[in-house]
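Enquirer: Let me give you the structure first, and then I'll get to my questions.
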Amino acid sequence: MYFNRVAAGGCESIDNGFGIRVAAHDGEPANFPVRIGTDALDFAQTPVPADDDQSTWQPGTVQLTLPSGTTYVAVWIFINEGGFNDVAYPEFHGHYADNASLSVRLLL
């Protein structure tokens, strides 16, 4: 997966990170927890810092070996808030994720 952002109006140092999180869960997806990672059997997460160059894309990957008992997997793609309620700069001018894929490999 690749990430990019628009840094406008002097906000180069805030709201400039992304992340990917994969979590293994048991039970039913209908009972999925509200908070990220709550009650996960296991999870893996990768931060992806973004630069201020709109012509480049930053790659991000994450790997998780699913534990026994996994019945479903949740995947999050998110933006890290670098400054809450930024008064001087509007929030999230433009944040992009592209070329996302999920691969599952069975090791027998």
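Any read-out appearing in this document is the output of simple, stated calculations on the displayed coordinates, not a laboratory observation. Computed from a predicted model, the values in this text were never measured in an experiment. Here Cβ is always computed from backbone atoms with ideal geometry, including for glycine, and neighbour counts include all displayed protein chains.
Enquirer: Can you compute the FRET efficiency between Thr71 and Gln45 using 1/(1 + (r/R0)^6), with r the Cβ-Cβ distance and R0 = 30 Å? Round to the nearest 0.05.
Expert: Step by step, r from the Cβ atoms, then E = 0.90.
Enquirer: Using modelled backbone amide H atoms (1.01 Å from N, in-plane), which distant-in-sequence or interchain residues come within less than 5 Å of Asp15's amide H?
Expert: Residues meeting the amide H criterion: Gly82, Gly83.
Enquirer: Per residue of segment 56-68, what does 6.51 cos²θ - 1.76 cosθ + 1.60 with θ = phi - 60° give for ³J(HN,Hα)? Whole Hz please, x for Gly and Pro, Karplus curve as stated.
Expert: Using θ = phi - 60°, the values come out as 10, 10, 9, x, x, 9, 8, 10, 9, 7, 6, x, 4 Hz.
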